[in-house]
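To keep things clear, I will list the structure first and then write my remarks on it.
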Amino acid sequence: MAPKITPRRSEDRGHTDLGWLDARYTFSFDAYRDHNFAGFGALQVLNEDIIKPGKGFGKVSMITKNLRFSPTCSLANSDIRTVSNPSASYFLFALSLLILLSFLPPSTLAMGNTETLRRGDIQLTTSGPGITHSETNASSKKNCKLLQIWTQPSGDGTRLPVTYHTKRFPDALKLNRLLRVIAPAGEADPETEMALHADVSVYACLLEPGMRVGVVAGKLEGGRARRAYVHATMGGNGELLMQGQEGEVVLGGGDGAFVTGWRAGEEMGFEARGEKRIEFLVFDLA
């Protein structure tokens, strides 16, 4: 039986435009609040950001030990902002991914390191009890486009050390194939994948018109079905076709889809339509 697919249209996402930053929020973030979109499994934040040339934000403190619901990180100016909920008694977020879709912003993390990222780079950060982070678009001419993704770790993530790691996944490796770029710790191939302390796998693909790819669901104890979130990045003119319980679902740039009832061993297929290739991610979630 095909899984249930519920689209999340690009225009329905949260949106903020600060002049230097144009951001779209799949889930509740900053001033955008919608209890219907407060995360999906371990996936808690999926922001699609466009940063103007030479712009960015200064130091932002992410104090994860007190986080409970959704991030309250304000990017309205370059002041240090504490991302916390004083009434919470337990930590929620500990891991984040920064996926570069175009050009290069350097990213400064808690350890005082500065790194320049380019298209295809994924920077995986384990925030432990908290980090200080900043981002700037290093280009003086081109916008920078990136995905900011936060996931909930397995167990108490505050006990994890603060780390960050960057790996490049060239377009050629993702062309017309679903490449697993993130895998659960203990399963990840250190040569080809990045390890995440969560039951989450992330696949990336650049699919050309007329081509088809598929991914098989992982396993859960007790034979329970898994779920997935699919996100097509903004900026392309292609379309992504999926087949669900209620028939055909077509995603355009910026659209996403919640997938439930995805049984272990079942393949979920994707077909590209339109005149240009489409770039998308698949999050395989417990």
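No value in this document is a laboratory result; all are computed from the given coordinates. Being a predicted model, the structure only gives us computed values, none of them experimental. Backbone-built Cβ (ideal geometry, glycine too); neighbour counts: all protein chains shown.
A few notes on this one:
- Taking GluC sites (Glu not before Pro) across segment 187-232, the ones in a DSSP loop with at most 12 further Cβ atoms lying within 10 angstrom of their Cβ are E191.
- Peptides ranked, highest mean first, by Cβ atoms within 10 Å: ranges 46-54, 30-38: 46-54, 30-38
- Among M1, M268, sorting on how many other beta-carbon atoms sit within 10 Å of each Cβ, with the fewest leading, yields M1, M268.
- Efficiency of FRET from Cβ geometry, E267 and D189, R₀ 22 Å, rounded to 0.05: 0.55
- Neighbour-limited loop hits for trypsin sites (Lys or Arg not before Pro), segment 224-255 (at most 12 other Cβ within 10 Å; DSSP other than H, G, I, E, B): R224
- For the peptides 198-209, 140-151, the ranking by packing is 198-209, 140-151, with the highest mean count of neighbouring Cβ atoms within 10 Å listed first.
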